[in-house]
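Step one of this worksheet: look at the structure below.
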Amino acid sequence: MSKPFIPKVVTANALLEGDVVYLTADDQWSRQLADAEVIEDLAHGDLRLLDGSSQPDVVVGVYLIDVALEDGIPQPTHFREEFRTRGPSNYNHGKQAELF
Amino acid sequence: MYQYNDFDRDFLAERNAQFRAQVERRIDGSLTEDEFKPLRLMNGLYLQLHAYMLRVAIPYGTLNGGQMDVLANIADKWDKGYGHFTTRQNIQYNWPKLKDVPDMLDALGEVGMHAIQTSGNTIRNVTADHFAGAAKDEVADPRPTAELLRQWSTDHPEFQFLPRKFKLAVTGSANDRAVIKAHDIGIRLLTRDGEEGYEIIVGGGLGRTPMIGKVLRDFLPKADLLPYCEAIVSVYNLLGRRDNKYKARIKITVHENGIETIRDLVEDRFALLKPQFGGVDQKMLKDIEAQFALPEFKNGSVAAFKDAYHSDPVFRSWADTNLTAHKNDDYSIVSISIKKHGQTPGDATSAQMREMAAIAREFAHNELRISHEQNVILPHVHKSHLPAIHARLKSVDLTTANIGKISDIIACPGMDYCALATARSIPVAQQIATRFDELKLEHEIGDLKIKISGCINACGHHHVGHIGILGLDRAGVENYQITLGGDHTETAAVGERAGPGFAYDEIVPAIERLIGAYLQNREDENERFIDAYRRLGLAPFKAALYPEVKADAA
Ligand code: HEM
Ligand code: SF4
């Protein structure tokens with residue numbers, strides 16, 4: 001049996017500010033992971049990665065991350081991505097200061 | 001101090017104008033990221049985890065008050081009010097916006113500073129002993145040599161696309177404070193039978209394959225420096241591997257071909273190159289040396305220093321820890337720790353930068369240095385000014401008396417900023433410093449170098465720390481590997497792995513057990529951690545780090 005597909009989200013950094021952003025279902029880029037489109041299968045993942053990469057004047061460094069759904073809301077599974085949702089741990093800078 | 005000439009200024013202005021146009025073309029979409037990335041890296045602009053990062057060179061760590069003020073202004077105007085000083089005598093800004101970077105570079109250019117060759121496969125910022133020109137133990141000031149190398153390597157047409165980055169460091173003292181044995185080329189000024197010259201070390205480096213540099217020439221006459229260095233770099237340029245980025249540094253070239261082969265090739269090439277230099281370089285060096293003339297030292301009583309030293313225990317503790325002998329007995333070298341317990345190693349706020357700049361102007365011949373250990377130095381201070389300087393530093397929270405101690409930790413940005421990181425390093429440094437401050441053990445422990453990197457690239461020099469800590473990702477969890485017995489000085493050595501790594505919340509207790517074992521086993525308080533380690537070997541430290549293993553075996 002093949003392994004179950006781990007849900008994914010397309011992420012990148014905003015070209016102008018460098019902020020971490022996530023691709024939404026309507027092809028916008030949100031600063032919040034909760035807004036992201038959760039991808040449930042491989043083929044769709046590849047497609048959305050291409051969609052994200054086709055906006056080089058808005059974002060840089062587009063890639064897919066694994067997420068786990070908690071009450072339907074995507075949460076990062078790796079600590080690197082968890083830090084990217086917040087900002088650095090030594091100062092209250094970045095998203096943790098701006099969003100929450 | 002060295003003043004950039006018109007050529008330098010015009011060159012900077014032109015480079016900045018070029019980059020401004022490139023940024024505009026990136027923003028309007030006419031350049032893709034693939035096209036733009038090498039251009040931004042050539043100008044010191046990286047993309048990190050949460051934002052861009054601009055890396056600015058501070059050649060051989062030397063700057064004046066006016067330049068430090070500009071660094072502070074940039075932090076306020078375009079960043080978040082602080083900057084991060086690094087092990088390569090650079091400053092990094094962690095939050096610039098793409099469209100602001102050209103303005104930041106113009107502001108730097110006005111005081112002769114820039115971000116050129118802080119990235120890419122070029123010859124990078126030339127580093128030097130941070131006590132250069134002031135240290136009592138030096139043969140000669142290494143900075144004229146470093147500046148000559150900077151001028152030679154900047155925009156050198158042959159060396160813009162080397163197999164990999166290339167780093168040079170210069171020291172003028174037998175006591176190496178510039179880590180020259182962990183550089184692609186390490187240079188030490190010396191005299192032999194009254195003649196000035198250099199010892200040339202090649203093939204050192206850290207990263208995934210740490211190597212201690214080897215002596216290529218034990219005495220190179222002073223006049224031969226540039227042709228000889230050019231010979232080394234051009235031999236490397238041809239021989240260095242371009243097929244595998246992990247094997248591309250000169251340390252691997254030297255390792256694979258053998259130092260003798262490299263020496264023969266370099267000598268052959270040198271014989272061809274030497275006549276081409278024709279002495280122009282030596283005339284340049286003479287002019288540069290004149291600009292690095294020592295300041296006019298002041299004569300006067302040092303009684304104010306002695307009084308404060310005897311009457312004020314806080315001042316005394318700071319003076320004992322943070323001052324170093326100067327070549328003029330009435331002077332001191334002041335190390336300003338930017339590593340208050342619990343703070344981020346190497347970070348200074350704009351207010352702190354301005355106060356340090358003001359102190360340098362008022363009391364210290366307008367000179368400042370950045371050390372590879374991520375502190376700020378006032379190289380020339382008449383001892384009578386020390387009490388006033390201490391009071392001024394206190395007003396901006398900069399009087400931590402910990403230079404060379406357990407909390408004077410080198411830490412790379414790690415996963416709090418760096419996109420290549422496999423784990424965090426800053427919070428580990430913060431917690432170790434805070435813990436040993438609470439225990440009030442810092443001065444009891446004495447001299448100790450802890451160095452932390454957030455991945456195998458080793459920007460935090462962990463291989464050459466007495467205690468090195470390397471942060472890794474082990475199956476999706478942060479894990480910290482300890483190495484022991486590393487040495488960054490003239491007796492350079494790569495540390496030895498102590499055993500399995502520790503989880504994020506186990507690393508500080510592990511360090512505490514390690515220090516406990518040292519305190520228990522040392523001969524007396526004069527035996528430093530590194531000396532005890534050399535005498536005793538790994539065993540007692542390993543037993544302290546892994547008590548359960550010992551219990552199981554018993
Ligand atoms: C985003 C930031 C950074 C990136 C992308 C980066 C990248 C790298 C890489 C890839 C290497 C390994 C080179 C090799 O082995 O061939 C390296 C080594 C090194 N970097 Fe960094 N680094 C960063 C930040 C820093 C900082 C902040 C410092 C200073 C504190 C620093 C100083 C060094 C040093 C000293 C080495 C090891 C010496 C050597 O080149 O062998 N780097 N860096
Ligand atoms: S050692 Fe690794 S984590 Fe640390 S700054 Fe260098 S590349 Fe980044």
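The values are calculated or read from the model by the stated rules, or taken from the named source; none is laboratory data. Note that this is a predicted model, so its numbers are computed, not measured. Cβ coordinates were reconstructed from backbone atoms using ideal geometry, including for glycine residues, and neighbour counts include every protein chain displayed. Side chains are part of the model used for accessible areas, which takes the heavy atoms of the whole protein and leaves out ligands, DNA and RNA. Shrake-Rupley method; radii C 1.70, N 1.55, O 1.52, S 1.80 Å.
Side notes on the structure shown:
- At R0 = 60 Å, FRET efficiency that the Cβ-Cβ distance of B:ASN521 and B:GLU196 yields, to 0.05: 0.85
- Nearest-20 debye value, the range B:6-110 charge dipole, Cβ charges on Lys, Arg, Asp, Glu: 380
- Most to least packed among B:163-175, B:96-108 [average Cβ atoms within 10 Å]: B:163-175, B:96-108
- By the Stokes-Einstein formula, at 1.567 mPa s and 4 °C, the range B:6-110 with its Kirkwood radius over alpha-carbon pairs has D equal to 91 µm²/s.
- Modelled FRET efficiency - R0 25 Å, B:GLU506 with B:GLU438, Cβ distances, 0.05 increments: 0.90
- Computed from phi, the 3J(HN,Hα) profile of the range B:504-519 under the Karplus parametrisation 6.51, -1.76, 1.60 (θ = phi - 60°) reads 3, 8, 9, 6, 5, x, 5, 5, 4, 5, 4, 5, x, 5, 5, 4 Hz, with x in place of Gly and Pro.
- Solvent exposure of chain B amounts to 38 Å² per residue of accessible area, where only protein heavy atoms count and the probe is 1.4 Å.
- Residues with amide H under 5 Å from that of B:LYS405, placed H, sequence gap 5 or more: B:LEU448
- With respect to chain A, whose longest principal axis is taken over its alpha-carbon atoms, helix A:42-53 is tilted by about 40°.
- Our estimate of slack between B:ASP531 and B:ASP106, defined as 0.36 nm per intervening residue step minus the Cα-Cα distance, is 148.1 nm.
- Accessible carbon and sulfur surface of chain B relative to its total accessible area, %, 1.4 Å: 51
- Exposure ranking of A:HIS93, B:HIS130, B:HIS310 by accessible area [1.4 Å probe, largest first]: B:HIS310, A:HIS93, B:HIS130
- If R0 is 22 Å, the Cβ-Cβ spacing of B:THR32 and B:ASP243 corresponds to a FRET efficiency of close to 0.25.
- Cysteine residues of the protein assembly as shown whose C-beta has no other cysteine C-beta under 4.7 angstrom: B:CYS229, B:CYS418, B:CYS455.
- Reciprocal of mean inverse Cα separation for the range B:410-553 (Kirkwood radius, Å): 15.2
- Binning the alpha carbon pair distances of the range B:281-373 at 5 angstrom intervals from zero yields the distribution 3, 9, 15, 20, 20, 15, 9, 5, 2, 1, 0, expressed in whole percent.
- Pairwise label distance in nanometres, B:ASP329 with B:GLU267, each label 7 Å out on the Cα-Cβ vector: 4.6
- Scattering curve values for the protein assembly as shown, log₁₀ I(q)/I(0), Debye with Cα scatterers, q = 0.08, 0.10, 0.12 Å⁻¹: -0.62, -0.98, -1.40
- Computed over the range B:134-291, the ratio Rg/Rh where both radii use C-alpha atoms and Rh is Kirkwood: 0.95
- Hydrodynamic radius of chain B per Kirkwood, over alpha carbon pairs, in Å: 24.3
- Pairing chain A with chain B buries about 2300 Å² of accessible area. This figure sums both sides and uses a 1.4 Å probe.
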